[in-house]
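These notes are about the structure you will find just below.
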Amino acid sequence: SSAIRRIRADHPPFGTVYVDPPWMRASERSDAFEPDHGQTLSVEELARLPVGRLAAGDAHLHLLVPDELLFDCPRLLSAWGFAYQGVFVWTTPDAAPGGYWQVAHLCMVLGVRGRRSFDDQSVRSWAELRRGRPGGEADAVRSLLRRVSPGPHLDLFGRGAAAGCGWWRGRRRRS
């Protein structure tokens with residue numbers, strides 16, 4: 001994407017890239033965690049984005065993913081030049097209807113490039129974040145990422161700019 005290339009030209013490499021992509025999902029069911037991006041991208045389209053070129057040599061990538069697409073993450077991490085290191089799970093007391101379990105969590109896969117470990121290694125691999133204002137959980141997660149991962153930070157496909165974080169929403173696709 002030319003917009004992502006402009007980010008690379010205008011900013012130093014990012015120590016952390018937080019990606020909340022507009023996943024093209026296999027199911028048509030409603031989901032409380034479905035981001036309101038106005039477009040969706042297939043795994044193939046996401047893999048072609050030059051995300052890895054935005055990151056520093058030692059960097060973290062945090063990728064939000066719904067359960068049904070969890071097994072697609074290794075492909076994206078590899079395409080973007082990161083190695084899988086773990087999963088953070090955020091839970092909410094509000095559950096969304098699902099075909100099997102009532103979905104009350106979201107996974108964030110951690111990919112690492114280079115040898116950079118967490119700045120704060122006391123952070124657990126899960127947290128309960130109560131739903132409040134729209135995007136409130138994402139703000140809490142960004143705050144957590146600033147504690148554990150190196151700066152500067154970039155939020156790809158986020159809902160809005162956040163303090164201390166570069167931001168790129170992407171473009172809308174016409175239907």
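The values are calculated or read from the model by the stated rules, or taken from the named source; none is laboratory data. Everything numeric here is computed off the predicted structure, so don't read it as measured data. Using ideal geometry, Cβ is built from the backbone for each residue, glycine included, and neighbour counts are taken over all protein chains shown. Areas reflect the complete protein model, heavy atoms only, side chains present, ligands, DNA and RNA absent. Shrake-Rupley method; radii C 1.70, N 1.55, O 1.52, S 1.80 Å.
For Ser149, the residues whose modelled amide H falls within less than 5 Å of its own, excluding neighbours fewer than 5 places apart on the same chain, are Asp119.
Round to the nearest 0.05 the FRET efficiency obtained for Ser125 and Asp10 when R0 = 25 Å and r is the Cβ-Cβ distance. Write out the running numbers ahead of the final one.
Working: r = 34 Å, r/R0 = 1.35.
For Ser125 and Asp10, the calculated efficiency is 0.15.
Give the calculated FRET efficiency between Ala104 and Gln39 to the nearest 0.05, with a Förster radius of 35 Å applied to their Cβ-Cβ distance. FRET efficiency, Ala104 to Gln39: 0.85. Between amide H atoms placed 1.01 Å from N, distances below 5 Å from Tyr18 occur with His62, Leu154, Asp155, Leu156, all of them 5 or more places distant or on a separate chain. Under 5 Å from the amide H of Ala55 lie the amide H atoms of Phe14, each residue being 5 or more positions distant or on a separate chain, with H modelled from the backbone and absent for Pro and chain starts. Karplus-derived 3J(HN,Hα) values for the stretch 42-48, using 6.51 cos²θ - 1.76 cosθ + 1.60 with θ = phi - 60°, are 6, 4, 4, 5, 4, 4, 7 Hz; glycine and proline are entered as x. Heavy-atom accessible surface of Arg116, to the nearest 10 Å², is about 90 Å², with a 1.4 Å probe and all protein chains retained.
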